[in-house]
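Trainee: Just passing along the structure, written as structure tokens.
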Amino acid sequence: MKRQADAGRAGILLECGLPSQRPLSRGRWHFNRIIGLWFGVLCATWCVQADELTLSTQRLAFVAADKALQAGVPVAITPLRDYPLYPYLVFRSLQQHLQDLPTVEIRAFLRDYADTPLARRLRGAWLRQLATAQRWDDYLLDYQPDDSVELGCWQRQALLATGKPQLALEGIAEVWMQGVSLPNACDPVFEFWRQQGGFTPERVWRRFTLALDKGQRGLAVYLKGLLPAAQQPMAEHWLQVDANPALLLDLELDPREDDTAAIVLYGLNRWSQQDSVAAAAALDVLLPRYPLPPHALVELQRQLALFVASRGHPSGLPRLNALPAEVVDEQVREWRVRVHLAKPDWQAVLAGLDGLLPDDRAKPLWLYWRARALEASGLAEQSRAIYEQLAGLRDYHGFLAADRIGKPYQIVDVPLVVDNVELNVLERLPGLQRAHELFLLQRFWEAGVEWREAIAGLTPAQLQQAAKLAQRWGWDFQAILTLARTDYWDDLTLRFPTPHQQRVIEIARETGMDPAWLFAIQRQESLFRSDARSPAGALGLMQILPTTAEHIAVDAGFQTTTDLDLVQADTNIRLGAYYLRQILGRLQNNVALATAAYNAGPERVIQWLPIDQASEADRWVETIPYWETRNYVKHVMEYAIIYGRRLNDPPVRLLAHLGEVLPAPVRPFQPSGLLQ
């Protein structure tokens with residue numbers, strides 16, 4: 001023990017600029033030397049009181065060292081070797097000098113920190129360095145297969161360069177056959193494969209169609225140029241249909257050509273996404289012209305029938321009913337019910353419910369609508385029995401059922417019981433220690449990677465402990481996600497946290513919004529992850545697009561916002577609350593409509609309004625065309641009730657809160673932008 005302590009102390013002296021009594025290898029000297037000044041105060045503290053560093057002091061020193069390394073200033077890191085994030089400083093040091101460091105240093109890190117996500121990151125950077133330098137023998141030695149196409153293509157380049165062409169081309173057709181552009185690293189391998197006859201017309205055509213399916217028109221145009229001259233006209237027709245599916249009605253395609261049916265099916269599928277009613281009508285016109293494969297045809301008919309029915313077109317139900325049995329699935333059966341709900345035709349609703357499979361009929365969703373149909377048909381006793389059954393559930397349909405019979409909500413909170421000793425043991429796992437420190441430093445992405453890897457092998461009981469640990473840290477996002485993996489739903493404090501509670505209440509008062517609703521939106525949008533970013537670019541707790549934020553800021557008299565502002569909780573919640581107030585005021589002051597608009601955009605919600613008579617909001621919600629928005633509204637409404645209870649707000653009944661949806665028209669609404 002004394003020898004180890006002395007060695008550590010010698011390292012600290014060296015890092016502080018004092019002579020060491022042990023020799024250093026050339027590689028280790030690269031790692032530990034000091035070039036420039038090293039934050040004098042911290043250095044002095046370490047030299048005098050290295051054994052007394054507290055975790056908070058280490059954290060501050062880590063931040064200073066990491067910033068210096070990012071700036072290219074070599075600094076002392078050995079004094080932090082006992083800090084959980086020490087590997088991140090080692091990683092940063094190596095990353096900054098990959099070109100200069102001996103290979104042994106890199107391989108030592110990959111070996112010593114193989115159980116950290118950093119090893120994978122450094123290996124990727126190292127392999128790119130080796131590929132750039134064309135050090136192919138080292139590349140093959142250090143390469144490990146993963147999901148990176150780029151690194152895999154460099155491995156194939158290395159195999160070619162070291163005289164192993166057969167290995168280099170093993171499985172290359174599967175790599176090339178992608179509907180998206182592939183990394184430049186693949187080009188030399190693909191060119192070698194092409195010279196070996198790999199680019200057959202069949203393969204090029206197949207990838208051409210895949211590219212169009214993926215929306216990669218530029219790639220498709222490139223691939224068209226690789227086709228034989230005889231196939232070029234057909235490819236051009238396909239590109240024309242991709243640009244404008246309505247051209248199907250004007251193009252004169254040869255029905256005897258093998259690819260004609262594929263073009264017609266592709267165009268109709270694409271058209272159905274833009275205008276399902278027009279696409280369905282076009283199918284009726286095109287069917288006599290072009291024989292379509294039976295299986296593909298009935299699947300297209302199913303898709304069009306669902307789209308047309310969900311948009312309330314009169315031909316929807318006949319199309320659903322005309323579908324052959326082999327394509328009638330849960331979606332078709334459920335939309336047969338929803339079409340009747342939209343009218344409403346309660347007897348037809350009951351008949352449609354009888355047509356569901358037994359497991360589907362037993363779902364709370366359809367039990368609720370059976371009770372509603374029975375009630376509307378004058379069968380109060382039968383309906384009440386179902387409402388009684390549902391009223392014990394803590395969910396959207398349970399709350400609605402309880403409202404129908406005047407029962408109190410059953411909002412049971414059963415917190416998990418945890419053993420503090422076991423929790424402390426779990427907290428000392430190296431991966432979770434690193435995750436905690438990264439979370440405290442607001443390095444959320446890296447913290448999440450560490451967390452996921454650390455809990456990957458835990459049992460359900462341990463995952464519950466981990467969820468409570470994340471809750472203890474204030475990491476609500478991970479607490480909710482981790483608990484969900486265990487199917488335990490009754491710890492409401494953990495599942496429905498209230499971060500920034502005082503500010504949410506103040507902002508709600510300022511904007512006239514319900515704080516429970518604001519919490520419900522945040523939970524559904526981001527699970528309280530302040531750095532959340534959607535694929536569309538929406539940011540923060542309430543997932544606001546920067547363009548939307550600009551308009552809201554102008555309307556509400558805020559200063560111009562930046563992306564950095566949007567991930568700040570206070571700014572994000574205020575902007576989201578103001579946006580909700582805008583759309584609420586322009587959509588009949590109806591919470592269900594405004595919630596749907598927050599997800600799908602106000603213009604779409606206006607299109608979904610009833611035409612000639614008002615609709616109960618629960619019926620309107622159930623017939624929202626988009627599955628995502630329909631479930632979004634249900635979840636937010638359910639969560640708002642639970643949050644109202646958590647905040648000790650005056651009781652709100654969901655049915656009364658939803659109100660009634662009035663028919664169009666409403667005031668014209670020019671939206672500030674869509675949130676997602």
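Rule-based calculations on the coordinates, nothing more; no lab input. Predicted, not measured: the structure shown is a model, and the values here were computed from it. Counting neighbours? That spans all protein chains shown, and the Cβs are built from the backbone with ideal geometry, glycine included.
Trainee: Output the 0 to 90 degree angle, nearest 10, between the alpha-carbon long axis of helix 55-70 and the longest principal axis computed from the alpha carbons of the chain.
Mentor: Taking the Cα atoms of the chain, the angle to 55-70 is about 90 degrees.
Trainee: Mind sorting R194, R495 by how few other Cβ atoms lie within 10 Å of their own Cβ, fewest first? Numbers along the way, then the final one.
Mentor: Details: R194 12, R495 20.
With the fewest neighbours first, R194, R495 line up as R194, R495.
Trainee: Whose amide H sits under 5 Å from the amide H of I544, counting only residues 5 or more places off or on another chain, with H placed in the peptide plane?
Mentor: Hits under the 5 Å cutoff: L539.
Trainee: If I fit a long axis through the Cα atoms of helix 569-586 and take the longest principal axis of the Cα atoms of the chain, what angle between them do I get, 0 to 90°, rounded to 10?
Mentor: 10 degrees
Trainee: With a cap of 10 neighbouring Cβ atoms within 10 Å, and only residues DSSP puts in a loop, list the trypsin sites (Lys or Arg not before Pro) found in region 393-432. Numbers along the way, then the final one.
Mentor: Values: sites: R394, R404, R428; in loops: R394, R428.
In loop regions of region 393-432 (DSSP not H, G, I, E or B), the sparsely surrounded trypsin sites (Lys or Arg not before Pro) are R428.
Trainee: In addition: Once phi is turned into ³J(HN,Hα) by the Karplus curve 6.51 cos²θ - 1.76 cosθ + 1.60 with θ = phi - 60°, what whole-Hz value does each residue of region 131-137 show in order, with x for glycine and proline?
Mentor: After applying 6.51 cos²θ - 1.76 cosθ + 1.60, I find 5, 4, 7, 6, 8, 6, 5 Hz.
Trainee: How do V241, V264 line up, fewest other C-beta atoms within 10 Å first? Before the final figure, lay out the partial values.
Mentor: Working: V241 22, V264 27.
With the fewest neighbours first, V241, V264 line up as V241, V264.
Trainee: Another one. Show me, for region 376-382, the HN-Hα J-couplings you get by feeding each phi into the Karplus relation (A = 6.51, B = -1.76, C = 1.60, θ = phi - 60°), rounded to Hz, glycine and proline as x.
Mentor: Couplings: 5, 8, x, 9, 5, 5, 5 Hz.
Trainee: Among E299, E236, rank each residue by its count of other Cβ atoms within 10 Å, from fewest to most, as a rough exposure measure.
Mentor: Working: E299 15, E236 12.
So the residues, fewest neighbours to most, are E236, E299.
Trainee: Can you give the net charge of the other residues whose Cβ lies under 14 Å from the Cβ of R59, counting K and R as +1 and D and E as -1? Spell out each step's value before the answer.
Mentor: Numbers: positive: K67, R434, R443; negative: D66, D82, E437.
So the surrounding residues net to 0.
Trainee: While we're here: What whole-number distance in Å separates the alpha-carbon centres of region 449-491 and region 129-162?
Mentor: Here the two parts' Cα centres lie 37 Å apart.
Trainee: Let me ask another. Taking loop as defined by DSSP and a crowding limit of 10 other beta carbons within 10 Å, which trypsin sites (Lys or Arg not before Pro) in region 239-322 fit? Kindly include the intermediate steps, with their values, before the conclusion.
Mentor: Details: sites: R256, R270, R289, R302, R311, R319; in loops: R256, R289, R311.
Answer by residue number: R256.
Trainee: How large is ³J(HN,Hα), in whole Hz, for each residue of region 545-557 in order, when computed from phi with the Karplus curve 6.51 cos²θ - 1.76 cosθ + 1.60 and θ = phi - 60°, using x for Gly and Pro?
Mentor: Values, residue by residue: 5, x, 5, 5, 4, 4, 5, 5, 4, 5, 5, 8, x Hz.
Trainee: How high is the relative contact order of the chain? Use alpha-carbon pairs under 8 Å, at least six apart in sequence, and give a whole percent.
Mentor: Numbers: 815 pairs, mean separation 46.0, N = 676.
About 7 percent, as a whole number.
Trainee: Let me ask you something else. Using only Cα atoms and rounding to the nearest 10 degrees, what angle (0 to 90) does helix 591-600 make with the longest principal axis of the chain?
Mentor: So the inclination is approximately 60 degrees.
Trainee: Mind computing the radius of gyration and Dmax over the alpha-carbon atoms of the chain? Å is fine for both.
Mentor: That works out to 31.1, 95 Å for Rg and Dmax.
Trainee: For every other residue with a beta carbon closer than 12 angstrom to the beta carbon of A391, add +1 if it is Lys or Arg and -1 if Asp or Glu, then tell me the sum. Don't skip to the end; give the middle numbers.
Mentor: Numbers: positive: R384, R394, R404, K407; negative: E388, D395, D403.
That sum, taken over residues with Cβ under 12 Å, equals +1.
Trainee: Could you work out [θ]222 nm for the chain from helices alone, using -39500 (n - 2.57) per DSSP H run of at least four and dividing by all its residues? Round to the nearest 500 deg cm²/dmol.
Mentor: Values: 41 runs with 426 residues, N = 676.
That calculation yields -18500 deg cm²/dmol at 222 nm.
Trainee: Excluding W608 itself, calculate the net charge of residues whose Cβ lies under 13 Å from the Cβ of W608, where each Lys or Arg counts +1 and each Asp or Glu counts -1. Provide the component values of the computation, followed by the final result.
Mentor: On the way: positive: R311, R338, R604, R619, R630; negative: E603, E622.
So the surrounding residues net to +3.
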